[in-house]
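Q: Before we start, here is the structure in question, set down as structure tokens.
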Amino acid sequence: MSPASALSALLVAALVLAGCGGADEPAEAPKEVAAPLQGPDACDLVSAATVADVVGPSLPIDYGGVGSPDRTSSECGWTFHVITFGDENVRRPFERRLTLEATGTKGDSCAEVKAQGTAVSDLGTKAAIDWTDEGVELTFCRSGGFATITWSALDWQAGKKISPSKAEDTDTLKRLGREVDKRWKSARRATATSFRLPSRGPGPEIPAVCEFVSADTLEAIRVDKRVRSDKSLATCGWELSREGGTTPGSPIGRLLEVDVDSYPDGQYSGWEEASNSARQFSHAYGAAPDSVLGGGSVVAEATSGRGRGAKGAFAVEVSLVARDFGGTEARPDPSNDEIIALTRKVLTEVLAALPQ
């Protein structure tokens with residue numbers, strides 16, 4: 001073979017080898033990823049009736065959850081809060097918080113139960129209660145998972161905040177724990193969406209509240225001076241501008257205040273949030289929810305009245321203080337019925353003026 005032919009043969013061989021080295025290799029089959037472990041949805045582990053009894057009217061807030069093939073968790077919370085300050089010797093709910101985290105696991109579910117807690121019998125495989133800064137906490141394990149339930153409560157009575165006794169805490173947590181254990185398998189399954197705080201934007205704009213109460217109503221209440229209206233127009237107040245006389249039944253103290261809150265759409269509609277606020281007020285005072293007031297009510301005690309109602313995405317609170325000169329024992333101050341009637345009149349006027 002001539003030198004030129006040999007060189008040509010070498011070049012062809014090199015090109016063939018280069019082409020073989022550059023060929024695409026067969027793609028590897030994608031590796032199968034195991035589905036997340038199916039655990040219960042925390043919001044479905046206690047009934048609405050139990051929440052109403054233990055917490056009060058409350059909308060469940062789904063805080064989401066995380067999942068892996070070996071462990072899935074979800075969290076839910078319920079909150080009740082109504083300012084029930086007063087001097088009456090009646091115990092009223094002031095604040096309630098319930099948080100429930102449920103975890104399904106293939107590992108040792110009982111490793112999460114705190115050794116330093118107070119052991120609880122007849123609940124799951126192992127259970128303990130512990131008192132923390134967040135409230136009283138119950139952790140129990142069972143086949144396939146464990147749950148942590150945190151509950152806190154404050155009441156108001158005779159001008160003081162009152163906490164439940166340890167016996168009351170224990171009874172409440174045991175009741176909740178047994179219901180969670182019973183519903184564990186039948187509850188809907190959790191969706192892993194990552195833990196999060198529900199997002200909420202601004203609520204609807206609140207109109208000029210001070211214009212919602214008629215002149216006739218202000219005259220009937222005997223207030224004639226506007227005070228404490230804030231820049232957002234969501235709060236307005238009126239008082240008696242002059243000193244009362246000494247004639248029995250003449251007013252010496254009058255103060256009317258109206259506050260309006262608006263609720264944005266989020267996990268729930270603004271209407272659901274506002275209505276829940278009104279129903280919480282009725283529950284706190286043991287009053288029957290009034291459908292005309294959107295589930296709210298009007299109450300009175302010792303020369304003062306309070307009312308709360310809802311319309312659309314708006315919740316309205318009215319407070320009235322009405323004292324008269326006590327020149328006679330027969331009529332030292334307006335009666336509770338009179339105060340309720342005046343408070344309700346203001347509340348219904350404001351609700352009627354608000355947009356739907």
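Q: Hey, can you list the DSSP H helices of the chain whose Cα span along the axis is 20 Å or longer and whose average Kyte-Doolittle score is at least 0.5?
A: 3-21, 336-353
Q: Tell me, what is a quarter of the convex hull surface for the C-alpha atoms of the range 84-204, in nm² with one decimal?
A: 10.8 nm²
Q: Quickly estimate the mean residue ellipticity at 222 nm for the chain, helices only: each DSSP H run with n ≥ 4 gives -39500 (n - 2.57), and the total goes over all residues, rounded to 500.
A: Helices in the chain give a 222 nm mean residue ellipticity of -7500 deg cm²/dmol.
Q: Mind checking the range 151-219 for trypsin sites (Lys or Arg not before Pro) that DSSP puts in a loop (not H, G, I, E or B) and that have at most 13 other Cβ atoms within 10 Å?
A: Loop-located and lightly packed - Lys185, Arg188, Arg196.
Q: Roughly how many Å is it from the Cα centre of the range 205-226 to that of the range 301-318, as a whole number?
A: The range 205-226 and the range 301-318 have Cα centres spaced 15 Å from each other.
Q: Could you name the lysines whose alpha carbon sits less than 28 Å from that of Lys311, not counting residues in the same chain fewer than 8 places away?
A: Here the lysines satisfying the reach criterion relative to Lys311 are Lys225, Lys231, Lys345.
Q: I'd like the per residue volume of the convex hull spanned by the Cα atoms of the range 145-288, given in cubic angstrom.
A: Output value, Cα hull per residue: 216 Å³.
Q: For the chain, what relative contact order do you get, as a whole percent, if you take Cα pairs closer than 8 Å and at least 6 residues apart?
A: Rounded, it is 13 percent for the chain.
Q: By per-residue mean of other Cβ atoms within 10 Å, what is the highest-first order of 148-155, 106-113?
A: In decreasing order of mean packing, 148-155, 106-113 become 148-155, 106-113.
Q: Mind jotting down the three principal axis lengths of the chain based on Cα atoms? Whole angstrom, largest first.
A: Computed over the chain, the largest-to-smallest principal extents equal 137, 59, 31 Å.
Q: What number comes out for the charge environment of Ser186, summing +1 per Lys or Arg and -1 per Asp or Glu over other residues with Cβ under 15 Å away?
A: Taking every Cβ under 15 Å from that of Ser186, the sum is +3.
Q: Something else: How high is the relative contact order of the range 68-139, given as a whole-number percent (alpha carbon pairs under 8 Å, six or more residues apart)?
A: About 25 percent, as a whole number.
Bear in mind that the values in this text are calculations on the coordinates, not laboratory data. Source: prediction; values computed, not measured. Every residue, glycine as well, gets a Cβ built from its backbone with ideal geometry; the counts of neighbours run over all protein chains shown.
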